[in-house]
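Asker: Attaching a single structure in structure tokens format; questions to follow.
Values in this text are rule-based calculations from the coordinates and carry no lab data. In this text, all values refer to a predicted model and were calculated from it rather than measured experimentally. Because the Cβ atoms are built from the backbone with ideal geometry, glycine has one as well, and the counts that use them run over all protein chains shown.
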Amino acid sequence: MPTPSVRRLEWLVDDLLFEGLILPAWQDYEARRADLQINILQTTGILHKSKCKRAGLSPDAMLQLAIQAST
């Protein structure tokens, strides 16, 4: 439940701003969202945090590499 100090903001946007900037950005977002594909590879026991650390690798860096390799 919102606190009394939080209130909804209302924006007044003219047609020029809406049609020239907001609508094209929204359409671009919708096109990209519609084209989004997520693939999941689930593995068990192959690579986890302790194995990365024992090898002197950052688990976060390994995750970033996995994300980049999958795109």
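Asker: Against the longest principal axis of the chain, how steep is helix 59-69, in degrees 0 to 90 to the nearest 10, with axes from Cα atoms?
Answerer: 70
Asker: Please compute the net charge surrounding Ala66, taking Lys and Arg as +1 and Asp and Glu as -1 over other residues with Cβ under 14 Å from its Cβ. Walk me through the numbers before you get to the answer.
Answerer: On the way: positive: Lys49, Lys51; negative: Asp60.
Neighbour charge sum, excluding Ala66 itself: +1.
Asker: Working from Cα positions, state the angle (0 to 90°, nearest 10) between the long axis of helix 23-34 and the longest principal axis of the chain.
Answerer: Between helix and principal axis, roughly 30 degrees.
Asker: Calculate the FRET efficiency for Asp14 and Ile67 from the Cβ-Cβ distance with a Förster distance of 30 Å, rounded to the nearest 0.05.
Answerer: Numbers: r = 40 Å, r/R0 = 1.34.
The formula returns an efficiency of 0.15 here.
Asker: Set Lys and Arg Cβ to +1 and Asp and Glu Cβ to -1, take the dipole of the chain about its Cα centre, and tell me which of Pro59, Ser70, Thr3 lies farthest positive.
Answerer: Pro59
Asker: In addition: Of the GluC sites (Glu not before Pro) in the chain, which ones lie in a loop per DSSP and count no more than 11 other C-beta atoms within 10 Å?
Answerer: Numbers: sites: Glu10, Glu19, Glu30; in loops: Glu10.
In loop regions of the chain (DSSP not H, G, I, E or B), the sparsely surrounded GluC sites (Glu not before Pro) are Glu10.
Asker: Just how large is the dipole of the chain about the Cα centre, in debye to the nearest 20, putting +1 at every Lys and Arg Cβ and -1 at every Asp and Glu Cβ?
Answerer: Details: 8 positive and 8 negative charges, 189 e Å.
The dipole of the chain has a size of about 900 debye.
Asker: Let me ask something else. Evaluate Rg over Rh across the chain, taking Cα atoms for both radii and Kirkwood's formula for Rh.
Answerer: Taking Rh as the inverse mean 1/r over Cα pairs, Rg/Rh reads 1.26.
Asker: What are the chymotrypsin sites (Phe, Trp or Tyr not before Pro) within the chain that DSSP puts in a loop, where the Cβ has at most 16 other Cβ atoms within 10 Å? Could the numbers behind the result be given before it?
Answerer: Working: sites: Trp11, Phe18, Trp26, Tyr29; in loops: Trp11.
Taking the chain and a limit of 16 other Cβ atoms within 10 Å, the loop chymotrypsin sites (Phe, Trp or Tyr not before Pro) found are Trp11.
Asker: Find me the longest stretch of the chain that has none of the exposed trypsin sites (Lys or Arg not before Pro), where exposed means in a DSSP loop (not H, G, I, E or B) with at most 10 other Cβ atoms within 10 Å. Each step should come with its number before you reach the end.
Answerer: Working: sites that count: Arg7, Arg8.
Longest gap between qualifying sites, sites excluded: 9-71.
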